[in-house]
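Reading through the structure tokens given below for one structure.
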Amino acid sequence: WTYDVISIGYPGAVDARGPRAEPGNLGEGWVRFDFSKAFDKPVRVMNDAAMQALGGYDGGRMLFIGLGTGVGSALVTEHVVVPLELGCLPYGPDETFFDRLGAAAIETAGEPVWLAAVAEVTGMLRESFLADYILLGGGNAKRVRPLPAHTRCGGNEDAFIGGFRLWEEIVEPHDQRSASVWRVVR
């Protein structure tokens, strides 16, 4: 393959140096790994849910909720991507959003209960974040029918678009410097 740059969507927290902790669902060796040196190309690493959100963004203030093995989340507005960890928020006295919206909940609680929780949580979070709309992504987003109000369905393919957008650049007319269109809060 011929390529100039590399984008990596990482399933976990990321800071300016890359992955902050080893992922729970992949092998070891991600933290402090020098991706640019290994590939001999410029590399940008961001949270995988944030990358999918970036690819599915269509203007306004968007809250992304990834429904996969766990619960990914990000807020995107005005070309700023803010990775979130909404899966750790409480859902009832002994559960979190991760417990209620993750893939295991479909099996343990059943799909109708899971769908009701998705509808409840998307409405609550849209209101809390003053989002214009919610983008559902991840492998289980396609199971959400009907879609809650102000919600649309994306997919894992949005991460590819996000990977390209991560490298988009513009020239600022007032100072002629090249600056990234997208700013990722870390």
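The values are calculated or read from the model by the stated rules, or taken from the named source; none is laboratory data. Bear in mind the structure is a predicted one, so any value in this text is a computation, not a measurement. No Cβ is skipped: glycine too gets one built from the backbone with ideal geometry, and neighbour counts run over all protein chains shown. Heads up: the accessible areas ignore ligands, DNA and RNA and are worked out on the full protein's heavy atoms, side chains in. Shrake-Rupley method; radii C 1.70, N 1.55, O 1.52, S 1.80 Å.
Brief remarks follow.
- Residues in region 92-105 that are more than 22 Å from LYS142 (Cβ to Cβ) and over 19 Å from the mean Cα position of the chain (by Cα): GLY92, PRO93, ASP94, GLU95.
- Pairs, first among the charged types (D, E, K, R) in region 82-100, second in a helix (DSSP H, G or I), C-beta under 7 Å, six or more apart: ASP99/ALA105; ARG100/ALA117
- Across region 31-42, not a single residue is classified as open to solvent by less than 60 Å² (accessible area, probe 1.4 Å), assigned to a loop (DSSP other than H, G, I, E, B) and at pLDDT below 90.
- Subset of region 114-128 [touching a helix residue (DSSP H, G or I) at 6+ places or on another chain (Cβ under 8 Å) and more than 11 Å from VAL144 (Cα to Cα)]: VAL121, LEU125
- Listed conditions (1) modelled with pLDDT under 90; (2) surrounded by 10 or more Cβ atoms within 10 Å (Cβ to Cβ); (3) not in a strand (DSSP E or B) are all met by GLY162, apart from (1).
- When restricted to residues that are under 17 Å from THR77 (Cβ atoms) and assigned to a loop (DSSP other than H, G, I, E, B), region 120-155 contains 6.
- Those residues of region 112-132 which are in contact (Cβ under 8 Å) with a residue 60 or more places away in the chain and not aromatic (Phe, Trp, Tyr), in sequence order: LEU125, ARG126, LEU130, ALA131, ASP132
- For region 1-20, the candidate set comprises residues that are among the hydroxyl-bearing types (Ser, Thr, Tyr) and over 15 Å from ALA38 (Cα atoms); within that set, the residue that is surrounded by the fewest Cβ atoms within 10 Å (Cβ to Cβ) is THR2.
- Top-ranked residue of region 117-137 - restricted to ones that are more than 16 Å from the chain's Cα centre (by Cα) and open to solvent by less than 60 Å² (accessible area, probe 1.4 Å), ranked as nearest to LEU86 (Cα to Cα): VAL121
- For region 145-152, the condition holds for at least one residue, the condition being that it is over 18 Å from the mean Cα position of the chain (by Cα), among the charged types (D, E, K, R) and within 21 Å of THR69 (Cβ to Cβ).
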